[in-house]
Each structure stands twice: as structure tokens, then as C-alpha cells.
1. Given charges of +1 on the Cβ of Lys and Arg and -1 on the Cβ of Asp and Glu, with all other atoms neutral, how large is the dipole of the stretch 196-237 about its Cα centre, in debye to the nearest 20?
2. Does the stretch 1-126 classify as rounded, prolate or oblate by the C-alpha gyration tensor (a ≥ b ≥ c root eigenvalues; a/c under 1.5 gives rounded; else a/b over b/c gives prolate, otherwise oblate)?
3. Place the peptides 407-420, 435-448 in order of packing, highest mean first, counting for every residue the other Cβ atoms within 10 Å and averaging per peptide.
4. Any idea what angle helix 482-501 forms with the longest principal axis of the chain, computed on alpha-carbon atoms, 0 to 90 degrees, nearest 10?
5. I'd like the antiparallel share, as a percent to the nearest 5, of DSSP beta bridges with both residues in the chain.
6. Net charge within 13 Å of P521 by Cβ-Cβ distance, Lys/Arg positive one each and Asp/Glu negative one each, not counting P521 itself?
7. In nm, give the distance between the simple-model label positions of K358 and H76, each being 7 Å from the Cα along the Cα-to-Cβ direction.
8. Between D342 and L574, what is 0.36 nm times their sequence separation minus the Cα-Cα distance? Round to one decimal in nm.
Amino acid sequence: MSADYAVHGEIAVITLNNPPVNGLGLATRQAFMQGLNKAMADDAVKAVVVTGAGKAFSGGADIKEFGSPKAIQEPHLLNLISAIENASKPVVAAIHTVAMGGGLELALGCHYRIAAPSTDVALPEVKLGLIPGAGGTQRLPRVLGVEPALNMIVSGEPIKSDMLAMLPGQKLFDQMATSASSLMEEAMAFAQSVVGTSPLPRVRDLPCKHPNADAFFKFSTNMVNGMTKGKYPAPLKCIEAVQNATKMKFDDGMAAEREIFTNLMWTPECRALRHLFVAQRATSKIADVPADTPVRNIQSVAVIGAGTMGGGISMNFLNAGIPVKMLEMKQEALDKGLAIIDKNYQAQVKKGKLKEDKFQQRMSLLSTTLNYEDLKDADLVIEAVFEELGVKEQVFKKLDEVMKPGAILASNTSTLDVNAIAHFTQRPQDVVGLHFFSPANVMKLLEVVRGAATGKDVMATVMGVAKKIKKTAVVSGVCDGFIGNRMIEQYSRQAGFLIEEGCTPQQVDRAVEKFGFAMGPFRMGDLAGNDIGWAIRKRRYVEKPELKYSKTADLLCEQGRFGQKVGKGWYDYLPGKRDAIPNKDVEDMIAKHRATLGITPRKISDDEIVQRLVFSLVNEAAFILEEGIAARASDIDMVYITGYGFPIYRGGPMMYADQFGLFNVVQAMHRFAQNPHDDAQFWQPAPLLARLVAEGKTFN
Ligand code: NAD
């Protein structure tokens, strides 16, 4: 049973009981309906209280059912709500902790609502590319007023029950409970007090008016258009649905809501957002590391190296209230690192994002040392020193000497072999890669690099730590570049070919940014530092001389145009500014290089640019997936969404490829392979990709 039924005196209590958040899946709806029917049939029952067990009233629909036959199997949520609304005895919703989506819509179908303080109330469907689909757009404006309701529906953000209860004239809550613990008692008393009421109040019967409806909806539409720039259809549809509530009869508004909901369900944006919702939750699952794997206790952290990454990494732990000790070789380096952390926090204080006392509290958790002995009691140590295997070797040998048994030893290396690093110690089971992204205090992504010997308890522990510091952790196997950078290398190679064939950096960046990336490849190169890619290419020229590369980026680096940090790269930058200004010398350099290669530049369409870049990611990802470096395609999508600025509404490269059609992807690759200036080898479909096409399957 996923809803419980009990009778106390004249009151029946139906308790949603489907952990963790009482999602309204089919079994729960069926059990609820049975309870409601029982209560109506029982003459001794005079009123009903509806509530949720555990840590939620209800988190809403069961997203796993979306698009499946179960979602529409009776009792459908709409019909369940309608049965409540038309019940002959009063139904009181006792709301606590979380009332979201379908959960809130169910409560809106009840005759009365009583809420515990601090309950999170939301209609978050817009975040999945949808509108509320069980009456939310029609009922919420009737109880809250059009403007507050529309704000909630368009933003999807939760609002505390106490705040909502203060809105003038609100009819969402008939009563606020004194506390969460007294909610049920007060709800029972309330139910008793309304026994025999006739007719019963129904939200659908309330008026829905706005004094300046046309102007208000026009204004809202302009606002939303400005924010979504045509990329997300759902917010505009939220406005349309709420506007319907002010213009149409209730049942007509409901029918229109359903139609909009159903149409949105299969848009690429909604599919992408639903995919990411599930993908986000899947990242933490490791097939051979069950949820009950024992974890190590992480109470304190040490960070080796107080440079760009060491400082940012430390801030994550300070923010989570975990003490950090930073180690450097020289006092000046420590002072410099400390000053940067201090400055970053000060900036947050200035912007009003961090309170002064919180700032002081965080800084008080931070200490520094030049002596490894001082680190020995740390539960987790993260190394972020120079990217040289020799330096890492020194550090890990030293750590092996001093750290207490059971401490986790992590490296933030971007490219080096985590297995080799593990074997600098006598305890490879305790070694793991924790690949943060720059700026480490901001970027959500954390690649957790699992070495051949990394212990399962270490994996379980660091995945938990990642959650604590609010990162999206994705597990990667050991390979050059791990998931994200291994893919981006192919993307950068392809960007080089595009330049050689006739594109300007601006044209490529513009096309990619129009597609939705936060930044095109050349602006990204300037931001990260073109010298980093140069160093990698120099290594590749030796290791893999058979690989074709465009030399344009090398020529750029030979001129010292390393990017933003030196004020010039593919573009010029004014001091203290990030605007990319095209540079004539760079264009001439590119043209001259083309001429030496005998290439007559051709006009390349934005579609071709985007496809060549995105499919170069996809093909490498197919290798990564088949080699088991990534456990699932959706993990790769999460890497690109949270670490590389891939457009959210496209769901990540793998989801994009699935929606584009893998057959079409491979066809395009064959076409690109014919291009004399591209690299036919580059466009050989990965075996997994070819197989999926042959079998008519998708990545996800
Ligand atoms: P950085 O040069 O800014 O900082 C490195 C720091 O380590 C310096 O302060 C240096 O004094 C210190 N250091 C060097 N050797 C040391 C030793 N033996 N003991 C103690 N301290 C020592 O470099 P960074 O950008 O912070 O990179 C650090 C690591 O993080 C590298 O492995 C790098 O590949 C990786 N990484 C960097 C980025 C990035 O974007 N910068 C992103 C992800 C990972």
C-alpha cells in the first residue's frame, strides 16, 4: 500500500506513504482512491484529513511514469483530484515539509488546507519544460491571486508556507498550524469543526480576475521572452495557461491546460530537461558500490598547493563547515593563496551574497602550514600542485609517510595517470582522483576518477563528500583527459580544421553560442589559456604523430597570444574586461597560414560548424562509453552540462545526438569525411555508435 487509511472517531485519515517524497505514482493513486471511497461509504466517517508520511506531504507526480502508460492509468491524477473536490464530506489537506507539483495540485482539490510553518510550496513543472498539468494553473491563481500564482508557476521556485499565508486575501491556507508537530492534531480539530458544512467550498468555484489583465500578461510575456530568448517554450505556456484562467470557464481552462501540457511533453526541450532530472540522480549510482557500502568519516581536509585550484577547492569545504589545512612549500605561496580566498569571500560580502559573520566563521576554519607533519590527522587530503608526475610523486610519497591509516589521498590532476600516482604509495586502495573544474569554488562538476585499486568504501565516501560540498560528481575511469577533457580535445581539433577551411574564430564562436553553449571554442581557449592546449598538442605530436592537427593555434601561441591572462589570444582584451575584441593580425595570420596550405577559404554554414563540433564530442564519447570510462551516456551529458556550458535545454551531447537521430549523426559524419580539408580518420564512427545505428537504438 502506498497510502494508509485509518479512522479516528468521525475523521478518516488518508496518509500518502510512498517514500522518499510520497510521489503520486499509480499504486499511490490507487491506494488513495480506495481510501477516499471507503471514507465516503462509511456512515461513521464525517470528514477526511489527507496528509503525507515521513519527510513530505507530497513531492508530486512520479517522473519515472512520465510518458508511460502508468501515468494515464486510472485513477489519473486529474480524476483523483476531481473525486476529492466533488466528495460529499469535507476533505482537509494537512500539509507539511514539501508540497510540490502534483502534491500541491492534490491539496488544491481539497476543500480546506492547513499548513505547517516552513513548508516548501511549489509548482516546479516549468523546470522540466512543462506546465502544471493537474489544475495548478487554474486553481493556484484562484487562491493566491493572479500575480503571485504566475510568479510561482513561471519560476518553479519553492516559497515557504508562512510567506504565502501573509499574502493579502489568500485562500490557499485556511489555517496555519502552530508547529509541524501539532499539525495533525490541529487538522483533526479543524476537520471536526467543518463536519456537516454544505455546500463545501471548492477552489474551482472561486473567481479569477486581474484588474489590468491584458497589460499584466503582456508585461509578463515580454519579461519571459527577454529571459528565455526563445530557447524554453514552457515559461510562455505557463503565462498562456494562467491567462486562460482569467478568461475561460474553469472546465475550459482545465482542458486547455491539459492540451498545452501534452503538447509540451514531447518537445525536445522537455525531453532534455526530464532526461537531465533523471541523469542528475543517476550519477551517484555506482553499479558495484551498493548504497549501504560503509563510508569513512570525513571531518577535516588538507589541501596541498594553494594555487588557482587549491584555493578554490578549499573554499568548497569551508563553505560546508569542514576545516581545511593548506600546505605549500613557501610562506609567500601560502600568503598569496590565503589572500585570494579572502578576496573572493570579501567580494561575496560586498555583493550581499555572504554575511560578515559567516565569512569570519569560514575563514576561522582555514589554517596553513609548511610542514607535512601537521596534516597527518586529516581524513581527506587533496593534492593540487603543479601538473608534473615527478612533483606528484614527491607529494604522494610524503603523504604515504605521514598520513594516518585510512586517510583518503586524492589528486586533482587533469591529465596524469591516477593509477601511477596511486602506486607512489603503499596504499593504492586509498587513492582517488578528484578532478575539480576552474573556478573550483563555482563550477558544479567534479569528476571522481576511480583508479584500478581505489577501494569501494573510498568511492562511496567521496561521492558522499561531493554531495556535501554541493558538486555534481560523475565517476570516470582512468584515461588521458578523463571524460570531459578527452572529449573537448577532439572538439578543439575540429575547431582548428574549421578555421583552416575558412571560418573566423568569431564565426565559429557565434554559431556555437547561438546553438546555446555558454562560450564558443575560441573564447573558451582564451579564458582557459591557449598555452594549456599547446602543451597537450606538443605531447601528442610525439606520442601520436599519425593524428592530424591544425597548426593555427600553435602559430597563435608562438606569438605569445595565450589568452585573457595576457590580454591577447584569438581576440584582444582590455585590462579588467572580458569582452572579446576581434584582432586583424590574427585574421591575417590565419589567412596566411591557409595560403601556405593551398586552401581556398569557403563559406561554412552555422549548421555545419555546430554539427562538426558537437558530433566530434559525441563520437569520442561513444569510445569513452564502450571502454567503460563512463558508466552511462547520461553521466557524459551531466559532465557537459555542469562543466562545459553545454545548453541545458538540449540535454547534453548524447541526448542531443539521440534526438538528432544517431543515423543522421553518422550520415553527417560520412559527409564530413569526404571533405578534403577535414580528416577522414577523425570521422570514422566509433564502433558503439555504428552498432547503435545498425540496431536502431539510442545512447540513452
Ligand atoms: P597553480 O600553479 O596555480 O598552483 C599550484 C600550486 O602548487 C602553487 O601554488 C605551487 O607553489 C604549489 N606547489 C607546487 N609544488 C608543490 C609541492 N611539492 N608541495 C606543495 N605545494 C606545491 O596550478 P593549478 O592551476 O592550481 O593546478 C593545480 C593542479 O590542478 C594541477 O594538477 C592541474 O592540472 C590541476 N587542475 C587545474 C585546473 C585549472 O584550470 N587550472 C583545472 C583542473 C585541474
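1. Values: 7 positive and 2 negative charges, 38 e Å.
Roughly 180 debye, rounded to the nearest 20.
2. Values: a/c = 1.71, a/b = 1.27, b/c = 1.35.
Oblate is the answer for the stretch 1-126, as a/c is 1.5 or above yet b/c matches or exceeds a/b.
3. Per-residue mean Cβ counts within 10 Å order the peptides as 407-420, 435-448.
4. 60
5. On the way: 17 of 60 bridges.
That works out to approximately 30 percent antiparallel.
6. Values: positive: R493, R510, R523, R612; negative: E489, D509, E513, D526.
Within the 13 Å Cβ shell, the charges total 0.
7. 4.4
8. Details: separation 232, 0.36 × 232 = 83.52 nm, distance 2.57 nm.
So the extension gain works out to 81.0 nm.
A short reminder: the numbers here are calculations on the coordinates, not readings from a lab. What you are looking at is a predicted structure, and each value in this text was computed from that prediction instead of being measured. With ideal geometry, Cβ positions are generated from the backbone for all residues, glycine too; neighbour counts draw on all protein chains shown.
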